[in-house]
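S.K.: Let me give you the structure first, and then I'll get to my questions.
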Amino acid sequence: MNRITTDSSNKCSTCVLGQFCLPVGLSNEDIDKVDTLVTEKIRLKKGDALYRQGEPLTAVYGIKFGTLKTEYALPDGREQITGFHLPGEMLGLDGIGDNHYQSNAIALEDSEACVVRFADFETLARQIPSLQQQFHRILSRELTQDQRHLLSLGSLRAEERLASFLLNLSDRLAARGYSPVEYHLRMSREEIGSYLGIQLETVSRLFSRFTDSGLIQIKQRHIKLVDMNGLLELAGKSSAIHCPHSA
């Protein structure tokens, strides 16, 4: 992990990912204030920890590039993956409740995260109500996503969970300007299984079944969604309401 000091050319207001982090309609004065929030970034190699479960909350983080996973360490030593996180998404929010991070955040590839000191953010949010409102929207979105994931674990069959996972990843990548039908899986099949509550063997079998059915093409971790409507039907979603740019 390598900490770097940001320079004047790296501002929140000019970042292409600002649409995910910042409220719209800020005045020039408020923009200047927001640009003071991030004075440091952290570069991570694959496998590096951004923070560890139980550490005191000092900052929240915005992913600049790369992919990270969050995982919860169980008392018996096992680790349950709770999420995969893409550029523009915030990490560390689970630590706000009791001022300690509730999970490990681990880089799945070389990544970079913007550091937002939480005390500084709280001070600025009191001065800029729209910044506080944006933060609440982010928290609400995280909560809704967690609730939907829990619902899927309790009500969907294994193949429905995997199809929904692939479609959700497609949506999130499309919102960031990437192809919604062809992408590289940064996580292993074992990690996908942990997140979806499915055994590794079942994940591998389902990928083979999806391939044989013409739903996808996959080579190692490179995947192409060949039959989007078929995946939507399998996941129990209507193509008419499916939005390829939802976050």
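Every number here is computed from the coordinates shown, using simple stated rules; none is lab data. Given the structure is predicted, the values throughout are model-derived calculations rather than measurements. Neighbour counts are summed over all protein chains in view; Cβ atoms, including those assigned to glycine, are modelled from backbone coordinates with ideal geometry.
S.K.: Explain nothing, just the number: dipole magnitude of segment 1-147 about its Cα centre with +1 on each Lys and Arg Cβ and -1 on each Asp and Glu Cβ, in debye rounded to the nearest 20.
M.R.: Values: 15 positive and 21 negative charges, 38 e Å.
That gives segment 1-147 a dipole magnitude of about 180 debye.
S.K.: Let me ask another. Using θ = phi - 60° and the Karplus relation 6.51 cos²θ - 1.76 cosθ + 1.60, list the HN-Hα couplings for segment 49-56 in order, rounded to whole Hz, with x at every Gly or Pro.
M.R.: 9, 6, 7, 10, 3, x, 6, x
S.K.: Taking 8 Å as the Cα distance limit and 6 or more residues as the minimum spacing, I'd like the relative contact order of segment 2-150 as a percentage. Don't skip to the answer; put the middle values down first.
M.R.: Numbers: 271 pairs, mean separation 43.7, N = 149.
This gives 29 percent for segment 2-150.
S.K.: Would you please give the residues with an amide H less than 5 Å from that of GLU182, counting only those at least 5 places away or on a separate chain, with H modeled from the backbone geometry?
M.R.: Answer set, sorted by chain and number: LEU225.
S.K.: Order the peptides 112-120, 128-136 from the highest to the lowest mean number of other Cβ atoms within 10 Å of their residues. Numbers along the way, then the final one.
M.R.: Values: 112-120: 18.9, 128-136: 15.7.
Going from most to least packed, we get 112-120, 128-136.
S.K.: Using the Kirkwood radius over Cα pairs, work out the Stokes-Einstein diffusion coefficient for the chain at 20 °C and 1.002 mPa s, in µm²/s as a whole number.
M.R.: On the way: Rh = 19.2 Å.
In µm²/s, the coefficient is 112.
S.K.: Excluding residues fewer than 8 places away in the same chain, name every one of the lysines whose C-alpha is closer than 28 Å to that of LYS33.
M.R.: Hits, sequence-local ones excluded: LYS11, LYS41, LYS64.
S.K.: For segment 134-142, just list the computed ³J(HN,Hα) in residue order, Karplus coefficients 6.51, -1.76 and 1.60, θ = phi - 60°, integers in Hz, with x standing in for Gly and Pro.
M.R.: Once rounded to whole Hz, the list reads 5, 4, 5, 5, 5, 4, 4, 5, 5.
S.K.: Continuing with the same structure: Please report the net charge: other residues with Cβ closer than 12 Å to the Cβ of TYR101, K and R +1, D and E -1.
M.R.: Working: positive: ARG52; negative: GLU55, GLU71, ASP94, ASP98.
Overall, the nearby charge balance is -3.
S.K.: Whose amide H sits under 5 Å from the amide H of LEU50, counting only residues 5 or more places off or on another chain, with H placed in the peptide plane?
M.R.: Those qualifying (amide H under 5 Å, at least 5 residues apart or on another chain) are ALA105, ILE106, ALA107.
S.K.: Place the peptides 47-59, 93-105 in order of packing, highest mean first, counting for every residue the other Cβ atoms within 10 Å and averaging per peptide.
M.R.: Numbers: 47-59: 15.8, 93-105: 17.8.
The peptides rank, most packed first, as 93-105, 47-59.
S.K.: Give me, ordered by chain and number, the residues 5 or more places off ALA59 or on other chains with an amide H under 5 Å from its own placed amide H.
M.R.: PHE118
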